[in-house]
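Colleague: Sharing a structure, written as structure tokens. Questions coming.
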Amino acid sequence: MQIIKYPSDKSVGDAIHSGDPLLVLISFDESEMIVSHIDEAIEHHILLARCGKDSRDIDKYFRVVVDDTGADWTFVCPSDYKGILDKTRRISVFYKDGFSAIAKGLQALGLYVGINIPRRYQRHIKELMN
């Protein structure tokens, strides 16, 4: 996994050391992770643009906000994820893939914290439980 630290290794390292929040984007194919102190980019789509990528490609990444207390996953499953037509199966695969990719990404940053899906993003999870 290629790790891009915006705007610099030092900025991201300082944020990790101080426990400040980071924005993290992990590509669905796990080939790339983009990381920034939250104050440097503010939003995930802005971080993409600042790294020279198309901000409209936001739905090609798992999106996380993480600090030393936990990782909040913006759980938004694209309707075309892996070409899976069945909604329940698609959400299930996205959930499994996301937890795996996010755990690997956090480990690569030296962050060993829990992964949380905030309540506002749990509507898809509730569908799986029904």
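Colleague: Restricting to the range 110-125, name every residue that is open to solvent by less than 20 Å² (accessible area, probe 1.4 Å) and assigned to a helix (DSSP H, G or I).
Modeller: Scanning the range 110-125 gives a single hit, 124.
Colleague: Return yes when residue 55 is over 29 Å from residue 91 (Cβ atoms), among the polar types (S, T, N, Q) and modelled with pLDDT of 95 or more and no when it is not. Steps first, please.
Modeller: Details: over 29 Å from residue 91 (Cβ atoms): no; among the polar types (S, T, N, Q): yes; modelled with pLDDT of 95 or more: yes.
Considered against the rule, which asks whether it is over 29 Å from residue 91 (Cβ atoms), among the polar types (S, T, N, Q) and modelled with pLDDT of 95 or more, residue 55 comes out as no.
Colleague: Does the range 44-53 contain at least one residue that is of a type in the set (Lys, Arg) and in contact (Cβ under 8 Å) with a residue 60 or more places away in the chain? Full working, then the answer.
Modeller: Taking the range 44-53 and keeping what is of a type in the set (Lys, Arg), we get 50, 53.
Subsequent filtering for residues that are in contact (Cβ under 8 Å) with a residue 60 or more places away in the chain retains none.
For the range 44-53, residues of a type in the set (Lys, Arg) and in contact (Cβ under 8 Å) with a residue 60 or more places away in the chain: absent.
Colleague: Looking for something more than 26 Å from residue 110 (Cβ to Cβ), touching a residue at least 24 places away in the same chain (Cβ under 8 Å) and of a type outside the set (A, V, I, L, M) - is there at least one such residue anywhere in the range 59-77? First the steps, then the outcome.
Modeller: So the first thing to find is which residues in the range 59-77 are more than 26 Å from residue 110 (Cβ to Cβ), and the list is 59, 76-77.
Filter once more, so that each one left must be touching a residue at least 24 places away in the same chain (Cβ under 8 Å): 76-77.
From what's left, of a type outside the set (A, V, I, L, M): 77.
So far as the range 59-77 goes, yes, one or more of its residues are more than 26 Å from residue 110 (Cβ to Cβ), touching a residue at least 24 places away in the same chain (Cβ under 8 Å) and of a type outside the set (A, V, I, L, M).
Colleague: Residue pairs, Cβ under 7 Å, 6 or more apart or interchain, first in the range 84-103 and over 13 Å from residue 64 (Cβ atoms), second at pLDDT below 95 and surrounded by fewer than 16 Cβ atoms within 10 Å (Cβ to Cβ). List them.
Modeller: What qualifies is 88/127; 88/128; 91/127; 91/128; 92/128.
Colleague: Can you name every one of the helices (runs of 4 or more DSSP H) wholly within the range 1-109 that holds 2 or more residues which are open to solvent by 10 Å² or more (accessible area, probe 1.4 Å) and not acidic (Asp, Glu)?
Modeller: Values: elements: 9-18, 38-41, 44-50, 87-108.
Because the criterion is at least 2 residues that are open to solvent by 10 Å² or more (accessible area, probe 1.4 Å) and not acidic (Asp, Glu), the helices (runs of 4 or more DSSP H) in the range 1-109 that meet it are 9-18, 44-50, 87-108.
Colleague: Turning to a different aspect of this structure: From 58, 84, grab the single residue that is hydrophobic (A, V, I, L, M, F, W, C) and farther than 19 Å from residue 1 by Cβ. Talk me through it step by step, then tell me what you get.
Modeller: Values: 58 fails: farther than 19 Å from residue 1 by Cβ.
The match here is 84.
The values are calculated or read from the model by the stated rules, or taken from the named source; none is laboratory data. Keep in mind that this is a model prediction, so the values were computed, not measured. Neighbour counts run over all protein chains shown; Cβ positions are idealised from the backbone, glycine included. Heavy atoms of the whole protein, side chains included, go into the accessibility calculation; ligands, DNA and RNA do not. Shrake-Rupley method; radii C 1.70, N 1.55, O 1.52, S 1.80 Å.
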